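Comments concern the structure below.
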Amino acid sequence: MNRRASPDQTEGGLTQARPGAAPRSDLLDRGLTEDRAVPPPLIPLLSVEDLSVEFRTRDGVVRALENVSFTVGRGETVGVVGESGSGKSVTALAILGILHPAARITGGRAVFGGLDLLTAGEDRLREYRGRELSMIFQNPRTALNPIRPVGRQIADVLLRHANLPRARVRERAIALLAQVQIADPARAYHAYPFELSGGMCQRVMIALAMACSPALLIADEPTTGLDVTTQAAILELIEDLARQRRMAMVLITHDLALVGERCDRIVVMHAGHVVETAPTAELFAAPRHPYTARLIASTPRPGVTLADLRPIPGTVPDLRSALLPCRYRSRCEHAIPDCEEPPLPWLTVGPGHAVACRVPL
Ligand SMILES: Nc1ncnc2c1ncn2[C@@H]1O[C@H](COP(=O)(O)OP(=O)(O)OP(=O)(O)O)[C@@H](O)[C@H]1O
Ligand code: SF4
Ligand SMILES: [Mg+2]
């Protein structure tokens with residue numbers, strides 16, 4: 001595995017690049033410093049450090065995540081973007097401890113409230129899931145239990161995690177259905193998922209995720225498959241509830257415009273790597289990774305015609321093949337021969353702005 005460059009501490013407290021990293025003088029000429037991680041927000045609620053995940057399949061080992069690192073501060077909304085297959089969902093599932101059995105975590109930590117979620121036992125994780133950490137899944141129909149009324153599913157979560165007298169659980173579940181704007185919530189309490197529309201199922205998922213006011217909500221493509229009007233309503237609902245409850249949120253999507261509107265900070269993923277992270281305005285104004293720049297150039301936005309949109313060249317590499325340190329190398333127009341040398345640097349290019357590239361833009 002290609003580990004990212006990490007700073008070596010010298011006696012004077014300065015950092016020195018390891019052999020193979022871009023020469024330090026070059027970095028300083030470009031106003032960059034080499035660093036292991038983005039300076040975290042003051043009190044990170046979640047700190048993911050060097051998370052690596054593989055899947056063993058009949059066709060070989062899929063190196064789905066390699067050294068993924070990012071932080072989420074209290075009350076912060078962080079967007080995670082990248083093309084299909086970039087590792088967004090695997091990152092979320094690893095944090096929640098619900099990866100597919102074929103997955104193996106090969107390294108890293110995900111520290112939440114002092115606990116490393118990756119090494120915590122299943123009992124501890126079950127306590128955290130629902131109460132402290134919740135997830136809204138890509139497809140609510142498959143995430144909901146098809147043979148249990150939706151109100152009962154919410155009541156189950158409340159019984160497990162909320163300190164409520166049993167007699168008040170049903171009332172509270174109905175109040176939650178009302179909060180996610182389901183018409184006639186007392187009746188909907190008894191409905192099965194197949195009796196509800198996609199938008200209604202998504203609202204039930206939100207009620208389930210919010211039931212115990214978790215500190216962190218992970219929303220993975222929460223509006224996939226919904227029509228545009230319902231998408232906007234669902235996103236506003238999630239945001240309003242998260243704001244009211246001062247929750248931090250990780251919003252996962254392939255839609256850069258969406259995170260541009262709604263997130264404080266953005267983490268850009270490509271082929272299982274975090275390639276750039278920055279405050280939202282800065283990422284759009286001055287992207288430093290060639291992939292981020294291409295992603296922005298390919299995103300529809302006001303004042304840009306379809307003819308002006310430039311697609312990203314090539315495709316995401318096959319994660320079962322031998323991979324170069326920079327997994328964007330085969331698609332990159334800015335590559336230099338050194339890009340094929342390990343390790344891939346992780347450079348701090350501004351406050352809260354870091355990039356995994358040997359020659360950032
Ligand atoms: N159960 C599995 N077995 C083998 N490989 C898997 C499995 N689940 C995910 N992967 C692989 O892990 C990589 C990351 O997948 P992931 O689902 O996280 O992508 P994503 O960024 O969420 O994509 P999308 O935008 O399509 O949801 C992909 O190469 C995918 O094929
Ligand atoms: S490291 Fe090289 S190949 Fe990779 S994105 Fe940067 S310039 Fe392109
Ligand atoms: Mg996904």
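Read-outs throughout are calculated quantities, based only on the coordinates presented, and are distinct from any laboratory measurement. The model shown is predicted, which means the values in this text are computed figures rather than measured ones. Here the Cβ positions follow ideal geometry from the backbone for every residue, glycine too, while neighbour counts run over all protein chains shown.
Would you mind putting 138-147, 113-122, 61-70 in packing order, based on average other-beta-carbon counts within 10 Å, highest first?
Those peptides, ordered most packed to least, come out 61-70, 138-147, 113-122.
Once both labels are positioned 7 Å from their Cα atoms along Cα-to-Cβ, the gap between residue 320 and residue 334 label points is 3.3 nm.
The stretch 271-335 and the stretch 121-147 have their alpha-carbon centroids 32 Å apart. Indicate the gyration tensor shape class of the stretch 97-168 (rounded, prolate or oblate), computed on the Cα atoms with a ≥ b ≥ c the square roots of the eigenvalues: a/c under 1.5 is rounded; otherwise a/b larger than b/c is prolate and the rest oblate. Note, shape of the stretch 97-168 comes out oblate.
What number, rounded to the nearest 500 deg cm²/dmol, is the helix-based mean residue ellipticity at 222 nm of the chain, given -39500 (n - 2.57) per DSSP H run of at least four residues and division by all its residues?
Taking each H run of at least 4 residues, the total per residue is -8500 deg cm²/dmol.
Of the peptides 244-254, 175-185, the order by per-residue mean of other Cβ atoms within 10 Å, starting with the highest, comes out as 244-254, 175-185. Spin-label model, residue 236/residue 61: points 7 Å from Cα along the beta carbon direction are separated by 4.9 nm. For the stretch 140-286, what class follows from the C-alpha gyration tensor (a ≥ b ≥ c being the square roots of its eigenvalues): rounded when a/c is under 1.5, otherwise prolate if a/b is larger than b/c, else oblate? The shape class here is prolate. Using the alpha-carbon centroid of each, what span in Å lies between the stretch 215-267 and the stretch 69-105? Here the answer is 15 Å between Cα centres. Size estimate for the chain follows the Kirkwood approach: the inverse of mean 1/r over distinct Cα pairs works out to 21.6 Å. Each peptide among 93-106, 289-302 gets the average number of other Cβ atoms lying within 10 Å of its residues, and from highest to lowest they stand as 289-302, 93-106. Look at the alpha carbon pairs under 8 Å that are at least 6 residues apart: their mean separation over the length of the chain gives a relative contact order of 23 percent.
Per Stokes-Einstein, at 4 °C and 1.567 mPa s, what whole-number D in µm² s⁻¹ belongs to the stretch 74-198, with the Kirkwood radius over Cα pairs as the hydrodynamic radius? Result for D is 77 µm²/s. The DSSP beta bridges internal to the chain are antiparallel in roughly 65% of cases.
Starting from the Cα gyration tensor of the stretch 38-109, multiply each eigenvalue by 5, take the square root, and state the resulting semi-axes largest first in whole Å.
Gyration-tensor ellipsoid for the stretch 38-109: 25, 12, 10 Å.
Placing a label point 7 Å from the Cα of residue 244 along the Cα-to-Cβ direction, the residues of the stretch 186-230 whose backbone N falls under 14 Å from that point are 206-214.
Between residue 299 and residue 168, the simple spin-label model (points 7 angstrom out along Cα→Cβ) gives 4.3 nm.
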